[in-house]
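Take a look at the structure below.
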Amino acid sequence: MENLKRTPLYEEHIKLGAKMVPFGGWEMPVQYTGILEEHMAVRTDVGMFDVSHMGEIEITGKQAERFVNYLITNDVSRLNSGDVIYTTMCYPDGGTVDDLLAYKYSTERYLLVVNAANKDKDLAHILQYRWDDVTVTDLSDETAEIALQGPRAQEILQKLTAFDLNQIKYFGFAEIEVAGVPCLVSRTGYTGEDGFEIYFAPNLATKIWNELLNLGVKPAGLGARDTLRFEACLPLYGHELSAEITPLEAGLGWAVKFNKEDFIGKEALLAQKNAGLKRKIVGLEMIGAGIPRQGYEIVFNQRGVGFVTSGTFAPFLKKNLAMAMVDLEAAEIGTEVDVIIRGKGVRARVISRPFYKRGK
Amino acid sequence: MSVVPKDLKYSREHEWIKVDGNIGIIGITDFAQKSLGDIVFIELPGVGDEISAGDSFGVVESVKAASDLYAPVSGKVVEVNEEVIESPQLVNEDPYGKGWMIKVEISNEAELDELLSPEDYEKLLEEEGE
C-alpha cells in the first residue's frame, strides 16, 4: 500500500487487528471483528469510526457566508452560529462535485467537511471560484476526527466532558473539551443513529480513541460505515451522487434552494427541475434470491431502465436491498423490476426510502 | 493462522475437498472465509448438475463482494447443503464442518493428484502473506 496516507490512529488500528484497505488515498480499517457485528453495535449500542481521512476546508472573511452560499446548493443564510447543514456542491452543469457538511461559526467563518477522496478536487473547485475577499484554508492535515455513533453515544461521550451534551442539538455543534482535549463536537453522523462527530488536533487522537475504547465503545470500520449509511439511505459520492448525477436526481432536492441568491449550477438545476426529472434514485427490495451490487442493470418491460448505485445485504433489516437510479416509468413504489445478477434477471420491488429509520 | 485440516485436499483458489470413495465433499477453507468476511449469500448448483475442474460452480457473497467458487474436480452434484444456503454464516462459523457446500460424484480421479496437500496449501498461505 505505497503512497497511501495514514491517520494518526493507524497504529491503534493495527493493534486492534483491523483489516486495512486503500480508500480514497488513505490506508483505512475496513473491519476489526466483522462488518455485521460492528454494524449491529452501532444500531443497538455504540460504536466509533476513525474518520480522520475526511477533508476540512475553512472559509473566512467578511464575505465568507455569501461565498459559501454561492458554492453550495443549500442555503446557509438562515443558520445560526453553531449550526451545521448538509449540502451538495455542484458544477455549472448541475453535476455534483461533492456532498458535504457546512459548519457555521459566524457569517465570517465556515468549516466545510468534505469526502476524503474528493478533497483535492473540492479544494481546486473552491479556489477556482474563490472571491478576492475570502480566504480558503485546507485544515485537513491539522484535523483528526472520530465519529461516535449509536443509541448510547451521548451517555458515553458525557462521561468524558463536563459540558451538558443536551445543549448540542441535532445538526448543531459546540467547541468543548473531551477527555481534557479541546474539540469541535457536532451532533451529526453517517449511520442513521444519534451520535457525534468529534474533531481535534491529530496528536491527541490516540488519547481520545483510547478513552472511548476503555469505555467499551466498539471500533467500527469503513465496511460497517457503508452498510449503516446504506440502510439509512444516505447518499455516497461515487454511488448515488457524481459529476453525472445531479442532487435532484439523487433525491436531494430538499438541499437545493432555488429561492436564494445565485449559486453554481442554479441555472442547470432549475432547467432540470422545470423540464421534469427523467430518472431518480429509488429503493429496491429483492424478491428473488440474490444480492444487488453497484452497477448491476435494472430491466423493466424488457428494457434497461437503470442501474444499481449501492446494494448489499442490510445487516439490521436482514434483507437484500439496493438503491438504484431508474427511469421514472419504473420509479413508482410497488413496481416490480428485474436486477440482472450474473446474467440472470432476479425479481425486485421498488420500496420507499429510507430502509431504516431510528425510533424517536 | 488459518486452520488447515490434514485429511483434506486443497485448490489454489482456497476450496477444500474431502474424498470418500468416489464422492467428494467440497467447501471453502478457513483462510477463504476469513478473507471474505461475513458471508451473507451463497449460490450453489442443483443436484444432478455437472461441474468441471477449474470452472465456477457457484458464488459466495460477503457483505462487501461476490466471489466465484471454483470446482477442485469434475463430477456430478449428488447433494447440496441446503442448510448453508439458508444460513450462509455457517461457512464463517464452521468452514470444514457445517459449512460444506456440495457433494459430487468424482468423474476423473486423476484430477485429485493436481490438488494441493495440506502441507503445500500451508505453503501457499504463507506466500499469500498469512
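Conditions tested, residue by residue: (1) modelled with pLDDT of 95 or more; (2) assigned to a helix (DSSP H, G or I); (3) assigned by the TED database to the domain that holds A:PHE23.
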residue: A:ASN203; (1), (2), (3): yes, yes, yes
residue: A:THR206; (1), (2), (3): yes, yes, yes
residue: A:GLU211; (1), (2), (3): yes, yes, yes
residue: A:GLY223; (1), (2), (3): yes, yes, yes
residue: A:LEU228; (1), (2), (3): yes, yes, yes
residue: A:HIS239; (1), (2), (3): yes, no, no
residue: A:ALA250; (1), (2), (3): yes, no, no
residue: A:TRP254; (1), (2), (3): yes, yes, no
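Just to verify a result, which residue in the range A:341-360, among those that are closer than 20 Å to A:PHE230 by Cβ and within 14 Å of another protein chain (Cβ to nearest Cβ), is least open to solvent (accessible area, probe 1.4 Å)? Only one residue fits best here, namely A:ILE341.
Looking only at residues in the range A:26-42 that are part of a helix (DSSP H, G or I) and open to solvent by 10 Å² or more (accessible area, probe 1.4 Å), the one that is nearest to the other protein chains (Cβ to nearest Cβ) is A:LEU36. Within the range A:315-338, the set of residues being within 14 Å of chain B (Cβ to nearest Cβ) and not in a strand (DSSP E or B) comprises A:PRO315, A:PHE316, A:LEU317, A:LYS318. Can you spot a residue in the range A:157-175 that is part of a strand (DSSP E or B) and free of Cβ contacts under 8 Å to residues at least 60 places away in the same chain? Checking the range A:157-175: at least one residue is part of a strand (DSSP E or B) and free of Cβ contacts under 8 Å to residues at least 60 places away in the same chain. Within the range A:43-56, track down each residue that is open to solvent by less than 20 Å² (accessible area, probe 1.4 Å) and over 16 Å from the mean Cα position of the chain (by Cα). A:ARG43, A:VAL46, A:GLY47, listed by residue number. Every condition in (1) in contact with a strand residue (DSSP E or B) (Cβ under 7 Å, 6 or more places away or on another chain); (2) under 30 Å from A:GLY150 (Cα atoms); (3) open to solvent by less than 80 Å² (accessible area, probe 1.4 Å) holds for A:PRO315 except the one numbered (1). Looking at A:ILE14, A:ILE85, A:ILE57, just one residue is over 18 Å from A:LEU139 (Cα atoms) and in a strand (DSSP E or B), and that residue is A:ILE85.
Restricted to the range B:42-65, and to residues there that are within 13 Å of chain A (Cβ to nearest Cβ) and open to solvent by 50 Å² or more (accessible area, probe 1.4 Å), the residue that is farthest from B:ASN22 (Cα to Cα) is B:LYS64. Only one entry of A:ASP75, A:ASP93, A:ASP98, A:ASP45 meets the criterion of being in the same structural domain as A:ILE176 (by the TED database) and not β-branched (Val, Ile, Thr), and that entry is A:ASP45. Residues in the range A:261-284 that are surrounded by fewer than 17 Cβ atoms within 10 Å (Cβ to Cβ) and either within 14 Å of chain B (Cβ to nearest Cβ) or over 15 Å from A:GLY94 (Cα atoms) (or both): A:GLU261 only. Please go through the range A:207-239 and pick out each residue that is under 14 Å from A:ILE281 (Cβ atoms) and open to solvent by 30 Å² or more (accessible area, probe 1.4 Å). Those that are under 14 Å from A:ILE281 (Cβ atoms) and open to solvent by 30 Å² or more (accessible area, probe 1.4 Å): A:LEU234, A:LEU236, A:TYR237, A:GLY238, A:HIS239. Of the residues making up the range B:106-130, those that are surrounded by 15 or more Cβ atoms within 10 Å (Cβ to Cβ) and more than 11 Å from B:VAL4 (Cα to Cα) are B:ILE106, B:SER107, B:GLU111, B:LEU112, B:LEU115, B:LEU116, B:LEU124.
Pull up the range B:15-30, narrow it to residues that are open to solvent by less than 30 Å² (accessible area, probe 1.4 Å) and under 19 Å from B:SER2 (Cβ atoms), then point me to the one that is farthest from the other protein chains (Cβ to nearest Cβ). Looking at residues that are open to solvent by less than 30 Å² (accessible area, probe 1.4 Å) and under 19 Å from B:SER2 (Cβ atoms), I get B:ILE17.
Which residue is nearest to the other protein chains (Cβ to nearest Cβ), if the candidates are limited to the range B:69-98 and must be touching a residue at least 40 places away in the same chain (Cβ under 8 Å) and in a strand (DSSP E or B)? The extreme case among them is B:LEU69.
Tell me, yes or no, whether the range B:99-121 has at least one residue that is more than 11 Å from the chain's Cα centre (by Cα), among the hydroxyl-bearing types (Ser, Thr, Tyr) and outside any loop (DSSP other than H, G, I, E, B). Checked against the condition, which is being more than 11 Å from the chain's Cα centre (by Cα), among the hydroxyl-bearing types (Ser, Thr, Tyr) and outside any loop (DSSP other than H, G, I, E, B), the range B:99-121 yields at least one hit.
Quick grid of which residues meet (1) hydroxyl-bearing (Ser, Thr, Tyr); (2) farther than 28 Å from A:GLU249 by Cβ; (3) surrounded by 19 or more Cβ atoms within 10 Å (Cβ to Cβ); (4) at pLDDT 95 or above:
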position	(1), (2), (3), (4)
A:TYR70	yes, no, no, yes
A:VAL76	no, no, yes, yes
A:TYR103	yes, no, yes, yes
A:LYS119	no, no, yes, yes
A:TYR129	yes, no, no, yes
A:THR135	yes, yes, no, yes
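The values are calculated or read from the model by the stated rules, or taken from the named source; none is laboratory data. These numbers come from a predicted model, not from an experiment. So basically every Cβ, Gly included, is an ideal-geometry build from the backbone, and we count neighbours across all protein chains shown. In case anyone asks, the SASA skips ligands and DNA or RNA and just uses the protein heavy atoms, side chains included. Shrake-Rupley method; radii C 1.70, N 1.55, O 1.52, S 1.80 Å.
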